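For reference, the structure I am asking about is given below.
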Protein chains: 2
Amino acid sequence: VSHMVNGFDPSRLTELPGSDRVLVQRRSSAMGAAYRLFYDRPVHVVRASGVHLYDSEGNEYLDAYNNVPVVGHSNERVREAVHAQLGLVNTHTRYLTDPVIEYAERLTALFPDPLTQAIFVCTGSEAVDLALRIARSVTGRSGVIVTRHAYHGTTSAAASISPSLGPNNPIPPNVALVDAPDAVRDAFGSAAMAFGERIDRSIAELKERGFEPAALVLDSVMSSDGLQVGDPALVQVAADRARACGALYVADEVQGGFGRTGRWWAFGQSVTPDLVVLGKPMGNGLPIAAVVGRPDSFDAFGRSVRYFNTFGGNPVCVAAASAVLDEIQERSLVRHAQDAGSELRSSLSSAIGGDPAVAQVRQAGLFLAVELIGPGGAPDSDRALRVVNAMRRRRILISASGTYDNVLKVRPPLVFPRDAMPQLIEGLVESFDETQ
Amino acid sequence: VSHMVNGFDPSRLTELPGSDRVLVQRRSSAMGAAYRLFYDRPVHVVRASGVHLYDSEGNEYLDAYNNVPVVGHSNERVREAVHAQLGLVNTHTRYLTDPVIEYAERLTALFPDPLTQAIFVCTGSEAVDLALRIARSVTGRSGVIVTRHAYHGTTSAAASISPSLGPNNPIPPNVALVDAPDAVRDAFGSAAMAFGERIDRSIAELKERGFEPAALVLDSVMSSDGLQVGDPALVQVAADRARACGALYVADEVQGGFGRTGRWWAFGQSVTPDLVVLGKPMGNGLPIAAVVGRPDSFDAFGRSVRYFNTFGGNPVCVAAASAVLDEIQERSLVRHAQDAGSELRSSLSSAIGGDPAVAQVRQAGLFLAVELIGPGGAPDSDRALRVVNAMRRRRILISASGTYDNVLKVRPPLVFPRDAMPQLIEGLVESFDETQ
């Protein structure tokens, strides 16, 4: 059975209360074995508002994990924008419709030149998949470089570059895996250079297997690799090495984009990607995603291959996405992510940073990672999982990830208010104590 | 440049009225060359209701083409269901949520045993892509058989089995193409047997190239092949041949499903697919799609590989999909598609069936195809395109498809009322006259 960190173990079904047990059984029966649930005791969500989820018994949960409802669960502005557009028209892009054009202009204006064009799809997976198609078409090559514990999506092509999906998910020979930077284990000060050298080696490896590199696909925050955000030079060195041999640099901003890191885009100011992949937070839960790129790439692809996505860029999902930009801009959520994230990091470091189990606290905006080790310095995934479930018992939702599954992931909606911080910090302190 | 039947030719931009010209230019500038528009003069849609679209000048268009808004453009029930759910919660399937389970039960109850499970995604392309992953995982093979002019979607894997995307869309060696049945050119009475023999040959072809067949993927109405729906034995023979050598039969019901053909599913009563792919009409325009299958297949896949789609099965898209089922059931739209489709076919055959340009009128429910030939019997794609644009000038929206681009496609929303039929028929008669 495929392992998933923080997955509910179906063999423990009998430990659940009766009503949840029946629901989980109905779910298994109608939706099958490919589905997984979070936590030792799954959360049965019936409503949500702002940074809170509520279960079927009326209990309130502090959401410090969801990276989709960035402008808040049940956001009224998104809700009303969707309602208004559903009363007007919802159709595809083979008719001329204004909303998708206006949104494309507004979105691309948030990127540095020459990233001036957007193609709309419905999910981050579709966006990654399309970026791969474009990179292959533009370069005439098929090799792809990704980090060893990367996650980029769930279509056949996206899964083929997502080694974090586990040993039963085949990685084909045209995909080269490089060890991500490791802020705990890399030699001090040499991480970027070492990462660059590993990229070079992966390119050589691809060539030995008969593949020229079409693309380096890199999650800008290396989320599945445990949030490796220590040094902006990491991405730059990697992008430079890949480009030096003719590959495109594809920035996967599904996790890091739309203000999460306290900047609009996580790829940073020093390097402009060839293609940018957007997803999750884009429509606050309505399915909309995109590839942003240069006109020369899109022209080369688009002249030879037409691309059509029936639901991609539909006016309703675009209305949601526009409302999300309104909210981010008018409520200064990028700045808030930067400021509140820094404060949260300070509080968190003060509260648990001295614990010998805490190897490192990493943070970029409102994305925080706490890496846990055991007495001998070995990664402690068991402790991470116990902390995650201790937090869940306290009705605070976080999860874990990383190459060794030993990194606590704290990634609340961007509207996470300062007055929710004490609850999160106290919960962490108690959960650390409880799991010692 | 990739050819698309009924695509707007950007070199004719100067022929458009000023305001549309500017909008098309802005669109090209912000969205790039991969996008295509329909018709000699694209339709600039600003609102829609029922079976009507309205352009920026207030002109009304009769929609006889869109297969997504099956329960009508701007359907109020869908709109209010989405609005209500957006005020409650919209989150992913790693929490327990009721709506997706209830919908999965309701959806799978519409299928014959043993098709009792559903996995939810956002687009038909994602569903096709997932069906391919499941078929490969379950059979341990990678060969796929599709028809020579098939369209199955737009992810890398779905595009690789979509030869209708044109010569610049590469079809890899693990994909075998078979000539679809051709109701005009096949010898009378032998179409099903001949199709079965071609399937056998394609399997042999795959084996010669070193691939065992994992799946036969077949659009149940063979829409891109010109709507080949004459004989239910066609699908059955093909499915039997594929299964005889261990391949799964995957029914692509993105076009034919949810009542379009006057039955819930187009694959018919005589054969039960191994996997069914659903999409377009499922949420009346909200992005939701699914793979329906047997527990044994889903278990075999799901035990070794977890599948997670962030937006797949979210409560808001599920609310739309539930409202679509409510509408189809309470308004008896499956029956309506059957009855109204038959009437439309009769009227249409009476009106233009005697024209020597009409080789055949084919119909299944509210999906009609009119195949056009020239004086010598050759496919007349030019005439088809001119009829489509003559209809558009009359503000009646249809399009064309088929192996030779010579088949008029009439595929209105399922709520198409009887009193709209005369306008459609008169428009067709006039357009035929005008294009002689």
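The values are calculated or read from the model by the stated rules, or taken from the named source; none is laboratory data. From a predicted model like this one, the values you see are computed outputs, not experimental measurements. Ideal geometry is used to build each Cβ from the backbone, glycine not excepted, and the neighbour counts take in all protein chains shown. Each accessible area value is taken on the protein alone, full model and side chains, heavy atoms only, with ligands, DNA and RNA left out. Shrake-Rupley method; radii C 1.70, N 1.55, O 1.52, S 1.80 Å.
Only protein chains counted, 1.4 angstrom probe. Which residues of segment B:13-34 are at least 50 Å² less accessible in the assembly than when their chain is isolated?
Buried-area filter returns B:Leu23, B:Arg26, B:Arg27, B:Ala30, B:Met31, B:Ala33, B:Ala34.
May I pose another question? Across all directions of projection, what mean area in square nanometres is found for the Cα convex hull of segment A:304-436?
Working: hull surface 46.1 nm².
Its average projected convex-hull area is 11.5 nm².
Could you estimate the translational diffusion coefficient of segment A:86-134 from the Stokes-Einstein equation, with Rh from the Kirkwood formula over C-alpha pairs, at 37 °C and 0.692 mPa s, in whole µm²/s?
In µm²/s, the coefficient rounds to 261.
Once the cut-off is 27 Å, how many percent of the Cα-Cα pairs in chain B end up in the long-distance tail?
Of all Cα-Cα pairs in chain B, 53 percent lie more than 27 Å apart.
OK, next. Given just the C-alpha atoms of segment A:62-155, how large is their convex hull per residue in cubic angstrom?
Working: hull volume 16.8 nm³, N = 94.
In segment A:62-155, the Cα hull volume divided by residue count equals 179 Å³.
Less than 20 Å apart at the alpha-carbon level, and either on another chain or at least 8 residues along: which lysines does that give for B:Lys280?
Candidates past the 8-residue exclusion: B:Lys409.
In addition: Give me the percent of Cα-Cα pairs in segment B:1-110 that sit more than 25 Å apart, rounded to a whole number.
Summing the P(r) tail past 25 Å for segment B:1-110 gives 47 percent.
Of B:Ile425, A:Thr310, A:Ile328, whose Cα points farthest to the positive end of the dipole of the protein assembly as shown (charges on the beta-carbon: +1 Lys, Arg; -1 Asp, Glu; origin at the Cα centre)?
Of the options given, the answer is A:Thr310.
Follow-up question, since we're still on this one. Hey, can you list the residues from segment A:47-64 whose accessible area shrinks by 20 Å² or more with all protein chains present, relative to the chain by itself (probe 1.4 Å, no ligands or nucleic acids)?
Hits at the 20 Å² cut-off: A:Arg47.
Taking amide H positions as placed 1.01 Å from N in the peptide plane, with prolines and chain starts having none, which residues 5 or more places from A:Val121, or on another chain, fall under 5 Å of its amide H?
Residues meeting the criterion, in which the H sits 1.01 Å from N, are A:Ala289, A:Ala290, A:Val291, A:Gly313.
Considering every residue in A:98-108, what mean count of other chain Cβ atoms within 10 Å of its Cβ is obtained?
Other-chain Cβ atoms within 10 Å of each residue's Cβ, averaged: 4.
So for segment A:164-303, what percent of the C-alpha to C-alpha distances run longer than 27 Å?
Distances greater than 27 Å cover 23 percent of the Cα pairs.
Another one. In nm, what does the list of distances from A:Ser332 to its counterparts in the other copies look like, shortest first, when each label sits 7 Å along Cα to Cβ?
Spacings between copies for this position, smallest first, are 6.2 nm.
Using a 4.7 Å cut-off between beta carbons, which cysteines in chain B end up with no partner cysteine at all?
Here B:Cys245, B:Cys317 come out as lacking a disulfide-compatible partner, given the Cβ-Cβ threshold of under 4.7 Å.
Only bridges with both residues in the protein assembly as shown count here: give the DSSP antiparallel percent, nearest 5.
65
Taking the Cα centroid of segment B:251-326 and of segment A:142-181, what is the distance between the two, rounded to the nearest whole Å?
The distance from the Cα centre of segment B:251-326 to that of segment A:142-181 comes to 27 Å.
Which value, in Å², gives the accessible area per residue of chain B when a 1.4 Å probe is used on the protein heavy atoms?
I get 32 Å² per residue for chain B.
Scan around A:Asn90 for amide H atoms under 5 Å from its own, H built in the peptide plane at 1.01 Å from N, and keep only partners 5 or more places away or cross-chain.
Under 5 Å from the amide H of A:Asn90: B:Ser74.
Given +1 on the Cβ of Lys and Arg, -1 on the Cβ of Asp and Glu, and no further charges, what dipole in debye does chain B carry about its Cα centre, rounded to the nearest 20?
The dipole of chain B has a size of about 840 debye.
Which order, highest average first, do A:8-15, A:391-398 follow once you tally other Cβ atoms within 10 Å for each residue and take the mean per peptide?
A:391-398, A:8-15
How large is Rg over Rh for segment A:222-264, taking Rg from the Cα atoms and Rh as the Kirkwood inverse mean of 1/r across Cα pairs?
A ratio of 0.99.
Hey, another quick one. When the C-alpha atoms of segment B:121-215 are aligned to their principal axes, what extent does each axis show, in angstrom, from largest down?
40, 26, 25
Then there is this: Can you give the relative contact order of segment B:173-304 as a percent, counting alpha carbon pairs under 8 Å and 6+ residues apart?
Details: 191 pairs, mean separation 25.5, N = 132.
In percent, rounded to a whole number, it is 19.
Further, regarding this structure: About the Cα centre, and with charges only on the beta carbon of Lys, Arg (+1) and Asp, Glu (-1), how big is the dipole of the protein assembly as shown? Nearest 20 debye, please. Mind showing how you got there, number by number?
On the way: 82 positive and 96 negative charges, 97 e Å.
Charge dipole of the protein assembly as shown: 460 debye, to the nearest 20.
Kindly provide the Kirkwood hydrodynamic radius of segment A:7-60 in Å, to one decimal, from all pairs of distinct alpha carbon atoms.
Kirkwood radius, segment A:7-60: 12.0 Å.
Give me the net charge of B:Ala48's neighbourhood, meaning all other residues with Cβ under 11 Å from the Cβ of B:Ala48; Lys, Arg count +1, Asp, Glu -1.
The answer is -2.
Estimate for me the total accessible surface buried between chains A and B (protein heavy atoms, probe 1.4 Å, no ligands or nucleic acids), in Å² to the nearest 100.
Numbers: alone 18540 and 18490 Å², together 28080 Å².
That pair hides around 8900 Å² of surface in total.
If contacts are Cα pairs under 8 angstrom and at least 6 residues apart, what is the relative contact order of chain A in percent?
Value for chain A: 21 percent.
Extent of segment B:96-255 along each principal axis, from alpha carbon coordinates, in Å, largest to smallest?
On the principal axes, segment B:96-255 reaches 52, 33, 30 Å in Cα extent.
Can you give the mean number of other chain Cβ atoms that lie within 10 Å of the Cβ atoms in peptide A:66-79?
For peptide A:66-79, the averaged partner shielding equals 3.
Could you pull the accessible area for A:Trp265 with a 1.4 Å probe, rounded to 10 Å²?
Accessible area, nearest 10 Å²: 20 Å².
In debye, nearest 20, what is the charge dipole magnitude of segment A:318-422 about its Cα centre with +1 on Lys and Arg Cβ and -1 on Asp and Glu Cβ, if you could check?
Dipole size: approximately 300 debye.
Moving on. Report in % the part of the accessible area of the protein assembly as shown that belongs to carbon and sulfur, leaving out ligands and nucleic acids; probe 1.4 Å.
49
Also: If you add up the charges near B:Gly140, with Lys and Arg at +1 and Asp and Glu at -1, over every other residue whose beta carbon is less than 13 angstrom from its beta carbon, what do you get? Write down the numbers at each step before the final one.
Working: positive: B:Arg133, B:Arg136, B:Arg141; negative: B:Glu212.
Neighbour charge sum, excluding B:Gly140 itself: +2.
Then there is this: Just the Kirkwood number for the protein assembly as shown, please: inverse of mean 1/r across all distinct Cα pairs, in Å, one decimal.
Working: mean 1/r = 0.0361 Å⁻¹.
Answer for the protein assembly as shown: a Kirkwood hydrodynamic radius of 27.7 Å.
For n ≥ 4 DSSP H runs only, could you compute -39500 (n - 2.57) per run for the protein assembly as shown, divide by its residues and tell me the 222 nm figure to the nearest 500?
-11500 deg cm²/dmol
Hey, another quick one. May I ask you to report, in nm to one decimal and beginning with the shortest, the distances from B:Gly87 to the same position in the other copies, taking label points 7 Å along Cα-to-Cβ?
1.3
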